[in-house]
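Quick notes on the structure that follows.
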Amino acid sequence: MLDWNQYRSELMTRIGEIAKASPETVKGYQQLSAAGKQTNQLDAKTRELIALAVAVTTRCDGCIAVHAKAATDNGATKGEIAEALGVAVALNAGAALVYSARVMDAVDAAQ
């Protein structure tokens, strides 16, 4: 399995390089990402659980690496993560099940 901590670190380095080459692109992404947090309708843990489910359906390893860590940092349990992944599985069937295994691997690495 993937070393999720190393992957996340390398990803952040590469994103830093993109930010230097195209600062407005990364700034726009950061503003978009922060916008959803402004309503305070969902707590951070719930947002991260949703993010993990979406990461599975979009097959985004970088998203899994970042949001598995953020979910556990915000108190999400493996059971809660598994339930959120169950929603992704129901909506995306087999492909989501395969990527859910990647999330659980990333969560184990994050702990």
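The values are calculated or read from the model by the stated rules, or taken from the named source; none is laboratory data. Computed from a predicted structure; not experimentally measured. Cβ atoms come from the backbone with ideal geometry, glycine included; neighbour counts cover every protein chain shown.
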When residues of segment 54-65 are limited to those that are at pLDDT below 95 and part of a helix (DSSP H, G or I), the one nearest to the chain's Cα centre (by Cα): 56
Filtered residue count, segment 68-87, keeping only those that are more than 13 Å from the chain's Cα centre (by Cα) and among the small types (Gly, Ala, Ser): 4
Residues of segment 17-32 satisfying the condition of being under 19 Å from the mean Cα position of the chain (by Cα) and either over 24 Å from residue 47 (Cα atoms) or surrounded by fewer than 11 Cβ atoms within 10 Å (Cβ to Cβ) (or both): 31, 32
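Let me confirm something: among 51, 76, 35, 68, which residue is surrounded by fewer than 13 Cβ atoms within 10 Å (Cβ to Cβ) and either part of a helix (DSSP H, G or I) or touching a residue at least 12 places away in the same chain (Cβ under 8 Å) (or both)?
On the way: 51 fails: surrounded by fewer than 13 Cβ atoms within 10 Å (Cβ to Cβ); 76 fails: surrounded by fewer than 13 Cβ atoms within 10 Å (Cβ to Cβ); 68 fails: surrounded by fewer than 13 Cβ atoms within 10 Å (Cβ to Cβ).
Unique residue meeting the criteria: 35.
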Test for residue 99: is it among the aromatic types (Phe, Trp, Tyr) and over 14 Å from the mean Cα position of the chain (by Cα): no
